[in-house]
Amino acid sequence: VQLQASGGGLVQAGGSLRLSCATSGTFFSINAMGWYRQAPGKQRELVASISRSGSTNYADSVKGRFSISRDTAKDTVHLQMNSLKPEDTGVYYCNRPQNPVPLWGQGTQVTVSS
């Protein structure tokens, strides 16, 4: 199984970033997918998820600002993050929203400056 997140960076508050997660084809096609965030000193939390059929759910803290999507042609999950806030800072990972596999990888660092 491959779960490789990319697209993070340093951005000013109010800015945007688009994260991508490359997965293996079989894993992608049979699973709902989610984006997690781990802020410094805090536990990892699920911020967005998308079912195989495209239904989405968001944590209250990102609702209206983040948008998750899946590209079935490329077995990739994206997270469009707009109106970023300093509290969005953290390492972002992709995995299943339920029963995540123990393959978190490096994640991708997002830093939002005030």
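Let me understand the chain better: what is its radius of gyration from the alpha carbons, and its Dmax, in angstrom?
13.0, 40
Which net charge results for the neighbourhood of S69, defined as the other residues with beta-carbon distances under 15 angstrom from its beta-carbon, given Lys and Arg at +1 and Asp and Glu at -1?
Overall, the nearby charge balance is +3.
In percent, how large is the relative contact order of the chain, given Cα pairs closer than 8 Å and 6 or more residues apart?
37
In whole angstrom, how long is each semi-axis of the equivalent ellipsoid of the range 62-107, when you take the square root of 5 times every eigenvalue of its Cα gyration tensor and sort them from largest down?
Output for the range 62-107: semi-axes of 20, 16, 10 Å.
Quantify, in whole percent, the carbon and sulfur part of the accessible surface of the chain (1.4 Å probe; protein heavy atoms only).
Ligands and nucleic acids excluded, carbon and sulfur give 45 percent.
Need the C-alpha centroid separation for the range 50-64 versus the range 66-114, integer Å.
12
Could you calculate the contour length gain from S6 to K74, that is, 0.36 nm times the residue separation minus the distance between their Cα atoms, to one decimal place in nm?
Length difference between fully extended and current span is 23.0 nm.
When the chain is treated as a GNM, springs tying every alpha-carbon pair under 10 Å, which of L84, L103, L17 comes out with the largest mean-square fluctuation?
For the chain, modelled as a Gaussian network with Cα springs under 10 Å, the answer is L103.
Might you tell me the accessible area per residue for the chain, computed with a 1.4 Å probe and given in Å²?
The answer is 53 Å² per residue.
Please report the accessible area of L10 (heavy atoms, 1.4 Å probe, ligands and nucleic acids excluded) in Å², nearest 10.
Here the accessible area works out near 140 Å².
The values are calculated or read from the model by the stated rules, or taken from the named source; none is laboratory data. Remember, it's a predicted structure, so these values are computed and weren't measured experimentally. No Cβ is skipped: glycine too gets one built from the backbone with ideal geometry, and neighbour counts run over all protein chains shown. Note: areas computed on protein heavy atoms with side chains; ligands, DNA, RNA excluded. Shrake-Rupley method; radii C 1.70, N 1.55, O 1.52, S 1.80 Å.
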